[in-house]
Protein chains: 2
Amino acid sequence: MLSIHSDEHFMREAYKQAQYALEEGEIPIGAVVVCQNKIIARAYNQTEKLNDVTAHAEMLAFTAAANHLGNKYLHDCTLYVTVEPCVMCAGASYWSQLKRVVYATGDEKRGYRRTGVNLLHPKTELVTGILASECAQLMTDFFRAKRI
Amino acid sequence: MLSIHSDEHFMREAYKQAQYALEEGEIPIGAVVVCQNKIIARAYNQTEKLNDVTAHAEMLAFTAAANHLGNKYLHDCTLYVTVEPCVMCAGASYWSQLKRVVYATGDEKRGYRRTGVNLLHPKTELVTGILASECAQLMTDFFRAKRI
């Protein structure tokens, strides 16, 4: 029997990815890309490990999802990401023409919404606030530990 | 003897990269990253070949430059790119904290400046218009050929 999963279910999978990032000393942001109720890509932030500012969870997930589909456009896909995307990732989302972007918690300093411009594709639906407190807590824990 | 090269010299190298893109049927945009008067990364747009919307010339050049330097920050580097960066690439430039961005020709439709927001890092110096007509001509030729 096909079970239809909720946004919360998929955000929990993104959260698991963020936990992997935390364990590796990376800023704890995780993402999954879902197509037809199935996860086709999972990734977490690896800017430190890969020594590459472009290696955000979302960017790695977009590349993996396109590889999986054999199509660089992600029209039928939803990105679940634990933190509001930055300008770079919102710009990549624009190019991929995602159907939906679901993020857990906002990022007032580095999130794309601080620009005051909708940088996503005009056809992309935006949902926010799913598992917000858990995902925000990971970020708080990470930056608190950094300051000690 | 160390010869100090001009912005035009390095933009010609970016132009050569754009020509490679054109030869391969890609949107003809090329980039080089220069550090201390030396090219440390060269790249051209490969979104079709790599089937990946994130494979813009600038993104590939940032990753290659960081690999070369062993440092994900490009504080002492200049990006030369034949066309105004898009939002994604401007966002990546922000993270890399480039010293300078030099682009040849503007992109009214997809360039980051259409947002009306400076998406580059506040410390990044912007120079435009170097070899503008040659680089714009490559784009015109590409899109004209597409329409035939």
Quick one: among B:VAL33, B:VAL102, B:VAL127, which has the greatest mean-square fluctuation in a GNM of chain B with alpha-carbon springs under 10 angstrom? B:VAL127
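Mind checking the mean number of beta-carbon atoms from other chains within 10 Å of the Cβ atoms in B:88-98?
Numbers: counts 13, 4, 3, 15, 11, 3, 5, 9, 4, 1, 0.
The shielding value for this peptide is 6.
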Could you list A:ARG113, A:ARG147, B:ARG110 so that the one with the fewest beta carbons within 10 Å of its beta carbon is first and the one with the most is last? A:ARG147, B:ARG110, A:ARG113
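I'd like the Kirkwood hydrodynamic radius of the stretch A:33-94, using the inverse of the mean 1/r over distinct C-alpha pairs, in Å.
Numbers: mean 1/r = 0.0847 Å⁻¹.
About 11.8 Å, per the Kirkwood formula over Cα pairs.
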Can you give me the C-alpha center-to-center distance between the stretch B:85-119 and the stretch A:44-106, rounded to a whole angstrom? 19 Å
Candidates A:THR105, A:THR78, A:THR115, ranked by Gaussian network fluctuation over chain A, Cα under 10 Å, top entry: A:THR115
Residue-averaged beta-carbon neighbours from other chains (10 angstrom radius) around B:59-66: 3
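If you rank B:CYS77, A:CYS35 by fewest surrounding Cβ atoms within 10 Å, what's the result? Write out the running numbers ahead of the final one.
Working: B:CYS77 25, A:CYS35 17.
In order of increasing Cβ crowding within 10 Å: A:CYS35, B:CYS77.
Within 10 Å of each Cβ in peptide B:112-120, how many partner chain Cβ atoms are there on average? Round it to a whole number, please. Kindly include the intermediate steps, with their values, before the conclusion.
Working: counts 3, 0, 1, 7, 3, 6, 1, 7, 0.
Per-residue shielding by partner chains comes out at 3.
Express the Stokes-Einstein translational diffusion coefficient of the protein assembly as shown in µm² s⁻¹, to the nearest whole number, given a Kirkwood radius over alpha-carbon pairs, 25 °C and a viscosity of 0.890 mPa s. If you can, show how the numbers build up before the last one.
On the way: Rh = 19.5 Å.
Rounded, D is 126 µm²/s.
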Name the residue, out of B:GLY91, B:GLY25, B:GLY116, whose mean-square fluctuation peaks in a Gaussian network model built on chain B with Cα pairs under 10 Å. B:GLY116
Which residue, A:VAL83, A:LEU98, A:ALA18, has the largest displacement toward the positive end of the dipole of the stretch A:7-116 when charges sit on each Cβ (Lys, Arg +1; Asp, Glu -1)? A:LEU98
Pop a pseudo-label 7 angstrom from the Cα along the beta-carbon direction at both A:HIS5 and A:ALA132 and give the gap in nm to one decimal. 2.3 nm
Sequence-distant or interchain residues sharing an amide H contact under 5 Å with A:VAL83, placed H: which? A:GLY30, A:ALA104, A:THR105
In whole Hz, with x marking every Gly and Pro, tabulate ³J(HN,Hα) for the stretch B:32-39 from phi via Karplus 6.51 cos²θ - 1.76 cosθ + 1.60, θ = phi - 60°. 9, 10, 10, 10, 6, 6, 9, 6
For labels at A:LYS123 and A:HIS68 in the simple 7 Å Cα→Cβ model, what's the distance in nm? 2.0 nm
Checking the stretch A:39-148 for GluC sites (Glu not before Pro) in a loop per DSSP with at most 12 other beta-carbon atoms within 10 Å yields A:GLU108
Shape metrics for the stretch B:7-116, restricted to C-alpha atoms - Rg then Dmax, Å: 12.6, 35
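A short reminder: the numbers here are calculations on the coordinates, not readings from a lab. The model shown is predicted, which means the values in this text are computed figures rather than measured ones. Glycine gets a Cβ as well: all are built from the backbone with ideal geometry, and neighbour counts include every protein chain shown.
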